[in-house]
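Everything below concerns the one structure shown next.
Please treat every number below as a calculation from the coordinates, not as lab data. What you see is a predicted model; the values in this text were computed from it and never measured. Here the Cβ is made from the backbone with ideal geometry for all residues, glycine too, and neighbour counts use every protein chain on show.
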Amino acid sequence: MSQVTVIAVIRALPGNEAAVRTSLVQLVAPTRAEAGCLNYDLHVDIEDPNRFVFNENWESQEHLDRHLQTEHIAANRERIGNLIEGVEMKRFEPIDA
């Protein structure tokens, strides 16, 4: 399987950006320790503090699938489920040029 890049955008509901940010930050260390995680970087939009972006690279789709089933991801969904508008997740694969 080939490497998978994920761009995930999480939009906090107004007034909830601090709680969402705190919860998302808690995902970084355990995710970076997962097998197959090449990078897992969290960003906040400079112009819109309610918009967070993860830039992730995984060795394979299988590794990403396992990540999405982890306890820390499930716990995060519980914590912020009613604090966000939603999550948009796009997957990409590299082009060898």
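Annotations for the structure displayed:
- Within segment 50-71, being exposed (fewer than 14 other Cβ atoms within 10 Å of the Cβ) and more than 11 Å from the chain's Cα centre (by Cα) holds for SER60, GLU62, ASP65, GLN69, GLU71.
- Among residues of segment 31-43 being within 13 Å of the chain's Cα centre (by Cα) and buried (at least 16 other Cβ atoms within 10 Å of the Cβ), the one that is farthest from GLY86 (Cα to Cα) is CYS37.
- When ALA12, ALA8 are screened for being small (Gly, Ala, Ser) and within 12 Å of the chain's Cα centre (by Cα), only ALA8 passes.
- For segment 45-81, a residue qualifies if it is in contact (Cβ under 8 Å) with a residue 24 or more places away in the chain and in a loop (DSSP other than H, G, I, E, B), and the qualifying residues are PRO49, ASN50, GLU59, SER60, THR70.
- Scanning segment 1-30 for residues that are in a loop (DSSP other than H, G, I, E, B) and either touching a residue at least 60 places away in the same chain (Cβ under 8 Å) or surrounded by 16 or more Cβ atoms within 10 Å (Cβ to Cβ) (or both) turns up MET1, SER2, GLN3, LEU13, ASN16.
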